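**Q** One structure coming up, written as structure tokens, with questions to follow.
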Amino acid sequence: MIAEIIEKLEGEVERLTHELNVTLPATIKAAVELGDLRENADYKSALERQQFVQARLNHLTSRLRELSNIDVSAIPADRAGFGSWLKVREKASGDEYEYTIVAGDFMDLDKGHISVASPLARGLFGAREGETVTVQLPAGERVFEILELRTLPMTLS
């Protein structure tokens, strides 16, 4: 999972670096050639995009640095945490759900990917297979039984 995240981030860094170093300078140069920069929407738009791309690159670089510092061997193999896949049953309704706890940049509720910072993920952190956990969500308290658990260390061994 970490390798997939790093690969995706590196791909975005590559695309944005190309845009910052090749595409945007060409756009800015073309806008400058049109003259009067005070009322040149293309120029202003390109400068704003340039600032956004630089900020995004800084963020991605920081995320890559954080990911490279993750010590998978320090993650408990028998408890839910970052990278864990869980199959849970909500006690009240009997409905079953599958979740993967991911970094916030990769949250995708349609795929069951929940952010490590979400109330649901925080409530599931540390849970073991077979346990029942009570999670405080904005809509109220929910109780889940952990039916299955695969942790990041399990997937690497």
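Computed from the coordinates by the stated procedures, all read-outs in this text should not be read as laboratory data. Because the structure is predicted, anything quoted here is derived from the model rather than measured. Every residue, glycine among them, receives a Cβ derived from its backbone with ideal geometry; neighbour counts consider all protein chains shown.
**Q** Normalised by the number of residues in the stretch 77-156, what is the relative contact order in percent for Cα pairs under 8 Å and 6+ residues apart?
**A** 38
**Q** When the helix-only estimate is applied to the chain (DSSP H runs of n ≥ 4, each -39,500 (n - 2.57), divided by the residue count), what is the mean residue ellipticity at 222 nm, nearest 500 deg cm²/dmol? Before the final figure, lay out each step's value.
**A** Details: 5 runs with 66 residues, N = 157.
Computed mean residue ellipticity for the chain: -13500 deg cm²/dmol.
**Q** Same structure again: Rounding to the nearest 10 and keeping the result within 0 to 90°, find how far the Cα-based axis of helix 24-33 lies from the longest principal axis of the chain.
**A** On a 0 to 90 degree scale, this one is about 30.
**Q** Under the 0.36 nm per residue contour assumption, what length would be gained going from the current alpha-carbon distance of Lys111 and Glu39 to full extension?
**A** Values: separation 72, 0.36 × 72 = 25.92 nm, distance 4.49 nm.
The span from Lys111 to Glu39 would gain 21.4 nm if fully extended.
**Q** How large is Rg/Rh for the stretch 2-70, to two decimals, with Cα atoms and a Kirkwood Rh? Let's see the in-between values first.
**A** On the way: Rg = 15.4 Å, Rh = 13.3 Å.
Checking Rg against Rh, the ratio lands at 1.15.
**Q** Using unit Cβ charges (K, R positive; D, E negative) and no other charged atoms, how large, in debye to the nearest 20, is the dipole of the chain about its Cα centre?
**A** Details: 18 positive and 26 negative charges, 59 e Å.
The calculated dipole for the chain is roughly 280 debye.
**Q** Distances longer than 17 Å among the Cα atoms of the stretch 77-156: what percent of all pairs is that? It would help to have the intermediate numbers written out before the result.
**A** Details: 1236 of 3160 pairs.
Value for the stretch 77-156 (Cα pairs over 17 Å): 39 percent.
**Q** Next question, about the same structure. Kindly work out what percent of the DSSP beta bridges joining two residues of the chain are antiparallel, to the nearest 5. Please report the intermediate quantities before stating the final value.
**A** Numbers: 18 of 21 bridges.
Just about 85 percent of them are antiparallel.
**Q** How much length, in nm to one decimal, is gained on full extension between Glu129 and Leu64, taken as 0.36 nm per residue of separation minus their Cα-Cα distance? Walk me through the numbers on the way to the answer.
**A** On the way: separation 65, 0.36 × 65 = 23.40 nm, distance 3.06 nm.
Roughly 20.3 nm would be gained on extension.
**Q** Please report the relative contact order for the chain, taking Cα pairs under 8 Å with a sequence separation of at least 6, and give it as a percent rounded to a whole number.
**A** Details: 215 pairs, mean separation 32.4, N = 157.
Rounded, it is 21 percent for the chain.
**Q** For the stretch 48-112, what mean projected area does the convex hull of the alpha carbons give, in nm²?
**A** Working: hull surface 26.6 nm².
Approximately 6.7 nm², given one-decimal rounding.
**Q** Further question on the same structure: In vacuum, with every alpha carbon of the stretch 4-44 counted as one equal point scatterer, what does the Debye formula give for log10 I(q)/I(0) at q = 0.27, 0.31 Å⁻¹? Two decimals, please.
**A** -0.82, -0.93
**Q** Oh, and also: Put +1 on the Cβ of every Lys and Arg and -1 on every Asp and Glu Cβ in the chain; which of Ile2, Ala74, Thr151 then has its Cα farthest towards the positive end of the dipole?
**A** Farthest along the dipole direction, towards plus: Ala74.
**Q** Another one. Charges at C-beta only: +1 for Lys and Arg, -1 for Asp and Glu. How large is the resulting dipole of the stretch 2-70 about its Cα centre, in Debye rounded to 20? Could you put the intermediate results ahead of the total?
**A** Working: 9 positive and 12 negative charges, 33 e Å.
The dipole of the stretch 2-70 has a size of about 160 debye.
**Q** Shifting gears a bit: Dividing the Cα radius of gyration by the Kirkwood radius, what Rg/Rh value follows for the chain? Each step should come with its number before you reach the end.
**A** Values: Rg = 21.7 Å, Rh = 18.4 Å.
When Rh is taken as the Kirkwood radius, the ratio is 1.18.
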